[in-house]
Amino acid sequence: MKPHAGALANWLLSWVQDHGAIYGFHNHSVWGSNPYRWSDFTCGHSTWASPLLPSLALMLQQKPDSELEDTLLRLIQFQTESFQMDGQYAHIGFQMGESLSVGLIHNMMPNVSLGLTAWYAKDWLPEAYMQRIRSSMSATMDACDRHYPFGIMYTNGRAISNQEYARLWGKLLYVKVFDDQRWGAELQRQLDRMIKDFHFIGLPDQNCTASYRYAGDASSTEPAEYYGLLIAPLVLAYEMYGQKKYLEQAGALCRHLARSAWYDSKGQIRLHRVYYHSGSSWVKINEPMLIAGMGMSLFGIHQYLAKQEDAELTAFLKKCDRTYAKYQNPRGYFASATGWHNEADVAPSSAWHSHDLLYLVARHGADEDVWRDMNQPYNQISILLGDRCIWMEHNRHWTITDYQSMDVYQLLGHKDEPRFGRDMSWVGGERKLPSHFNFANRPVFVKTDEGIFLRKGEFTEQDIQLSSVASVPYLGLWS
């Protein structure tokens, strides 16, 4: 059983704007925060959504399509034109929205994505767009090397493993795509430094390697969903330099993920959250933890398996595919997480989901079913039920709403708008949203101790596409 990658692509493309930006409610289901929690209320472009670009490039590698090519060119143009005055990319705040304008990782993710896109689309991408990518990657690498010198990251000197590895991955891709050795032997020296300073053997067994999160801090590991940013550049380094040690390190990191995995209440395999050191031993934390967003780590494992057969890791990917399928809404998106018991479980982030699409297309390809589902019109109301709130969308409207007689969220958004807000329609005033945000006739659900029910009214069960991560079952119409 595998998820429907075409439906996921369809949903992701519903957030793409005519000018090439990727909007979305940028829920960070690892840390549990989002622009609503930061009182930012922006839902515009996030560079963390940039893996959508190589996902589409991979599809086009298998089947040319003029409409999808035009979409990808718009995405490239937007990303390669969106800069701040200091040379960093714009729109890098992700879960903090436009409130945050600094950070290494959200500059490096689009560089990795642009590098992969250039490689996958090299046979057809117009030369002008190849040069756009080259110039953009080069400029932001130079800017970030100034702002965040290797190994320093912040003024307190705490380098972060996944962020430094992402920078190296972007630079390796630049060298591979453009055959430009501008960093010389320094890339290998930095890779070796990362292995020395961050990698350690023993979690959960002696055949596995984990990574500390911070340089000089042996109290925590990197969260599992970031390991793809470590694994993929090591596999690429092996390919480029021919040194077996890089592939061996990548394989040991893959085993750390596979052997640290756990099974949730639905019997589905999941990535663990993190390990913390208590002072005497390592303690594994499983939950709260994302579901949507596993993709980059699984992409890394897939890249490793392209160089080294491994039955255990192949079986692990198959199990993760079943997890995706179990938690996929008919509209295409996945449940974001479990264990938060708030909007972080149900609000789907286009940013995280783009990582999942990259993995699924890389692993399974894009057959005719994928293309059909990607172009399928969706007119029903899509609903994901959670314990404390509900994600709901219909055409361009989206909402994080409440069960009947609860008044906690009532957030309204529009897929064409870079801001969202609280429904103030009955209050009025300057915070009242424009009329085109109105989603007043949305279905109403009642949550009881027994289960969840749809109230009779304007909508029937045939009008909705429903999935649930709530702890009580959906029991149909309220009567």
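The values are calculated or read from the model by the stated rules, or taken from the named source; none is laboratory data. Note that the structure is predicted; figures quoted are calculated from it, not measured. Methodologically, a virtual Cβ is constructed for each residue, glycine included, from the backbone with ideal geometry; neighbour enumeration extends over all protein chains shown. Protein only, heavy atoms only, side chains kept; ligands, DNA and RNA dropped before computing areas. Shrake-Rupley method; radii C 1.70, N 1.55, O 1.52, S 1.80 Å.
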Checklist entry - Cα gyration tensor of segment 115-262, axes a ≥ b ≥ c as square roots of the eigenvalues: rounded (a/c below 1.5), prolate (a/b > b/c) or oblate? => result prolate
Next on the checklist: How much accessible area per residue does the chain have, counting only protein heavy atoms and a probe of 1.4 Å, in square angstrom?
Outcome noted: 38 Å²
Next on the checklist: With the crude spin-label approximation of a point 7 Å out along Cα→Cβ, what separation in nm comes out for residue 404 versus residue 285?
Outcome noted: 3.8 nm
Checklist entry - Using alpha carbons only, what's the Rg to Rh ratio of segment 47-186 with Rh from Kirkwood? => result 0.97
Item to check | Mean-position separation - Cα centroids, segment 381-420 and segment 85-139, in angstrom | outcome: 31 Å
Item to check | Size of electric dipole in segment 395-441: Cβ of Lys, Arg +1 and of Asp, Glu -1, about Cα centre, debye, nearest 20 | outcome: 120 debye
Checklist entry - Leaving out ligands, DNA and RNA, what percent of the accessible area of segment 68-211 is carbon and sulfur, probe 1.4 Å? => result 50 percent
Item to check | Cross-link reach list, lysines versus residue 326, counting only Cα pairs under 20 Å and skipping chain neighbours closer than eight places | outcome: 2, 266, 318
Checklist outcome for this item: On each of the three principal axes the extent of the alpha-carbon atoms of segment 368-433, given in whole Å and largest first, is 49, 28, 16
Checklist entry - Counting only the backbone N, which residues of segment 374-406 are under 17 Å from the spot 7 Å out from the Cα of residue 458 toward its beta-carbon? => result 379-383, 392-402, 404
Checklist entry - Treating the beta-carbon of each Lys and Arg as +1 and of each Asp and Glu as -1, no other charges, what is the dipole magnitude of the chain about its Cα centre, to the nearest 20 debye? => result 780 debye
Item to check | Alpha-carbon Rg with Dmax, taken over the chain, Å | outcome: 21.9, 71
Next on the checklist: Given the DSSP H assignment, sum -39500 (n - 2.57) over each helix run of at least 4 residues in the chain and divide by its residue total; what's the result at 222 nm in deg cm²/dmol, nearest 500?
Outcome noted: -12500 deg cm²/dmol
Checklist entry - For residue 102 and residue 206, FRET efficiency with R0 = 35 Å and r from the beta-carbon atoms, rounded to 0.05? => result 0.35
Checklist outcome for this item: Unit-weight point scatterers at every alpha-carbon of segment 268-395, Debye formula, q = 0.19 1/Å: log10 I(q)/I(0) is -1.17
Next on the checklist: Distance cut-off 24 Å, Cα to Cα: go down the list 171/196; 63/122; 319/447; 196/245; 171/284; 122/307 and report the pairs above it.
Outcome noted: 319/447; 171/284
